[in-house]
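Visitor: Below you'll find the structure I mean.
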Amino acid sequence: MPSIGAGLLLIASLLSIKFGVSSAGERPNYRRVSQYGMGLLALPVVITILGMVPALGLFVLIILNVAERMNWKRALTIAMASMVMIWLLFERLLQVPLPKPIFW
């Protein structure tokens with residue numbers, strides 16, 4: 001399922017570059033879109049190795065720091081908060097088992 005989501009987001013990003021018009025009339029940032037695309041393509045592999053919660057936390061951390069150029073401290077804080085919220089929402093509140101790492 002994450003592979004399908006990553007593929008759809010990648011396609012939507014490419015279509016947005018091709019047909020999208022920004023409010024300021026500026027050109028799309030191809031570097032940033034390619035960084036998001038590479039992250040989304042790597043996400044299913046990392047989910048298989050680390051599990052869903054750590055993989056999404058790592059994804060958020062890297063995207064915020066590399067693509068969005070946020071400082072490490074703030075990006076790490078947001079990534080940790082994201083991991084806690086994902087775990088609380090899915091594992092505890094909704095009781096949906098998330099993919100576990102292949103090693104446990």
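Visitor: Return one whole number: the accessible area per residue of the chain in Å², for a 1.4 Å probe.
Guide: 72
Visitor: If you don't mind, another one. At 222 nm, what value in deg cm²/dmol follows for the chain if DSSP H runs of at least 4 each add -39500 (n - 2.57) and the sum is divided by all its residues, to the nearest 500?
Guide: Details: 4 runs with 65 residues, N = 104.
For the chain, the value works out to -21000 deg cm²/dmol.
Visitor: Oh, and also: Using a Gaussian network model on the chain with a 10 Å cutoff between Cα atoms, which of LEU15, LEU61, LEU41 fluctuates the most?
Guide: Sorting by GNM fluctuation, first place goes to LEU15.
Visitor: Next question. By its C-alpha gyration tensor, with a ≥ b ≥ c as the square roots of the eigenvalues, how is the range 48-104 shaped: rounded for a/c under 1.5, else prolate for a/b larger than b/c, else oblate?
Guide: Details: a/c = 3.23, a/b = 1.66, b/c = 1.95.
Taking the square roots of the gyration eigenvalues as a ≥ b ≥ c, the range 48-104 is oblate.
Visitor: Restricting to Cα atoms and excluding each atom paired with itself, what does the Kirkwood estimate give for the range 3-97 in Å? Numbers along the way, then the final one.
Guide: Values: mean 1/r = 0.0683 Å⁻¹.
It is 14.6 Å.
Visitor: Among all helices in the chain defined by DSSP H, which have a length of 27 Å or more along the axis from Cα atoms plus a Kyte-Doolittle mean of at least 1.0?
Guide: On the way: long enough: 30-50 (29 Å, 1.02).
Once both thresholds are applied, what remains is 30-50.
Visitor: Same structure, new question: What does the extension gain come out to for VAL45 and PHE103, with contour length at 0.36 nm per residue minus their alpha carbon separation? Walk me through the numbers before you get to the answer.
Guide: Working: separation 58, 0.36 × 58 = 20.88 nm, distance 1.36 nm.
Going from the current span to full extension adds 19.5 nm.
Visitor: Right, next: Only sites in a loop by DSSP and with at most 10 other Cβ atoms within 10 Å count here; which GluC sites (Glu not before Pro) in the range 3-104 make the cut?
Guide: Numbers: sites: GLU26, GLU68, GLU91; in loops: GLU26, GLU68.
Loop-located and lightly packed - GLU26.
Visitor: Next question. Given +1 on the Cβ of Lys and Arg, -1 on the Cβ of Asp and Glu, and no further charges, what dipole in debye does the chain carry about its Cα centre, rounded to the nearest 20? Please list the in-between numbers first.
Guide: Working: 9 positive and 3 negative charges, 46 e Å.
The dipole magnitude comes to about 220 debye.
The values are calculated or read from the model by the stated rules, or taken from the named source; none is laboratory data. It should be emphasised that the depicted structure is a prediction, and the values quoted were computed from it without experimental measurement. Glycine gets a Cβ as well: all are built from the backbone with ideal geometry, and neighbour counts include every protein chain shown. Accessible surface is based on the protein model in full, side chains and every heavy atom, while ligands, DNA and RNA are left aside. Shrake-Rupley method; radii C 1.70, N 1.55, O 1.52, S 1.80 Å.
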